[in-house]
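What follows is a short report on a single structure.
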Amino acid sequence: MTDGDTGPAGHQAAGHEPEAAQRPGAARLALLAGSGTALVTAVLLGSGLSLANKWACRAGAWNGYLSQFQAHCYTDIYPLYFGEGLSSGKVPYAGHPVEYPVLIGGAMQLAGWLVHPIGNPYIRGREFFDLTIVLLTVFAVVGVVATAYLAGRSRRWTALGVALAPAVILAAFINWDLIAMGLAMAGMAAWAARRGVLAGVLLGLAVATKFYPLLFFGPLLLLCLRAGRMREFGVTLGSAAAAWLVVDLPVMIAAPAGWARFYRLSDTRSADWGSIWYFFETEHWPGVGTASVSTLNVISAAVFGVVCVLIVLLSLGAPRRPRVAQLFFLTLATFLLSTKVWSPQYVVWLAPLVVLARPRLGAYLVWQVAEVGYFFAIWAYLITVSVAGPSFIGVGGIGTGLYFAALIARFASVLLLCGLVVRDILHPAGDVVRAGGADDPAGGILSGAPDRLVLRLGPRRSRQPAAAASAR
């Protein structure tokens, strides 16, 4: 069966949208805002603001437990220089188990080697942070430019919603997540450019940095299955597995216990700050709030699994094949909504997919406000849990009610985005990307391809060309 996607729709995905042609002034402004110069400048501006947010810590606040939370400048990078043994010359995994996948350990080791000649350990730690944020900024540029490419020629400016997102600016230098984001988006861009092997290599390296890009192979499988492009999917998956093994296998062999720490920690940690399960646990909800860690693992996995089944039905049964970014966003958002840990820096994972899946301002702003609110709430709450008695108010803490309001607001804002993306998939005429005549700028070999497998979940409808449907 086919949904009527045609060759011309795929041609329009390269940037020849009628909407842009009808408004030449707006099109020129959009092209200027989406130019490489504008995007790189925006990333550097955003990184400068991110550093400004961390300046109080860099000036010494990170050496006081409460002061780093009071200044809202907490970062994992500085304390982990000492906590992971880098300050004493230990090698990640071999000399000290590291709680992150291999490429983050490699980034730690590289910066650790470069600052090793500095005598004062505190200055060494500060310079370790400085070198790390230079590296993170490079990958931020890669991720934003790749997002612009994935958006299509007339919508490259939407990548500014990543570079200058307030929540991304606040969270950018908390951890090493920008490396994974840059690699993941570069992998998606390679897929869009029909470079399957390169896409797999980049996505495999992204998985070796943070595990979340592994989730993308599920929706990519569904889209390739619907379009009958399984050979191309196999090439990309095989390339990803090979790239992951190239960087992980030597560490697995040389230091199996140190390498495995990340996976053991993920399995044994309890509900942590930011997750809905932490709310249930703290409020002692019957069942879910009193479950053991192993039971919570099962419940969390079951919730994620059930929603994934719904995503399968949506992917194969929607009236028109969903766009790559739409399904990637839904899968990642579902994971975050159901997982045991939802750290503030995970906004870096979501931001590129949000602006690609649904490039509209209203819900994006609601989500950003919720993320920014949570960013400030978590540091104030950490003051509260560190200070006994009512004195937490005098040092900048907040009560559980306000913290959980921020947590639930963030949860609800991502849920709102999911609902709106699902609506766009079920009613593709309302998808702002396809309303301009494009099929899927990020689709690569999927863009404009006819369907080979479609689940008929409702009454059979008459077939209509995809381009005509999107113009209604």
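The values are calculated or read from the model by the stated rules, or taken from the named source; none is laboratory data. Owing to the predicted nature of the structure, the values given are computational and were not obtained by experimental measurement. Don't worry about glycine lacking a Cβ; one is built from the backbone with ideal geometry, like all the others, and counts go over all protein chains shown. For the accessible areas, the whole protein counts, side chains as well, though only heavy atoms, and no ligand, DNA or RNA atoms are used. Shrake-Rupley method; radii C 1.70, N 1.55, O 1.52, S 1.80 Å.
Of all residues in the range 44-59, those that are under 16 Å from Val144 (Cα atoms) have Cβ atoms under 7 Å from Cβ atoms of residues that are hydroxyl-bearing (Ser, Thr, Tyr), 6 or more apart or on another chain, in Ser47/Thr137. Residues in the range 112-156 that are of a type in the set (D, E, K, R) and buried (at least 22 other Cβ atoms within 10 Å of the Cβ): Arg155, Arg156.
Remark: pairs (first residue in the range 286-306, within 13 Å of Thr339 (Cβ to Cβ); second residue assigned to a helix (DSSP H, G or I) and not aliphatic (A, V, I, L, M); Cβ separation under 6 Å; 6+ apart in sequence or on different chains) = Ser300/Ser338; Val303/Ser338; Phe304/Ser338. Restricting attention to the range 326-362 and to residues that are open to solvent by less than 10 Å² (accessible area, probe 1.4 Å) and among the small types (Gly, Ala, Ser), the residue that is farthest from Phe69 (Cα to Cα) turns out to be Ala357. The sole residue among Ala318, Ala302 that is among the small types (Gly, Ala, Ser) and open to solvent by 10 Å² or more (accessible area, probe 1.4 Å) is Ala302. Check the range 227-246 and report whether any residue there is surrounded by fewer than 17 Cβ atoms within 10 Å (Cβ to Cβ), within 22 Å of the chain's Cα centre (by Cα) and not in a helix (DSSP H, G or I). Checked the range 227-246: no residue is surrounded by fewer than 17 Cβ atoms within 10 Å (Cβ to Cβ), within 22 Å of the chain's Cα centre (by Cα) and not in a helix (DSSP H, G or I). For Trp259, the conditions (1) touching a helix residue (DSSP H, G or I) at 6+ places or on another chain (Cβ under 6 Å); (2) modelled with pLDDT of 95 or more; (3) assigned to a helix (DSSP H, G or I); (4) buried (at least 16 other Cβ atoms within 10 Å of the Cβ) are fulfilled apart from (2). Counting only helices (runs of 4 or more DSSP H) that fall entirely inside the range 108-205 and contain at least 1 residues that are modelled with pLDDT under 95, the qualifying elements are 121-151.
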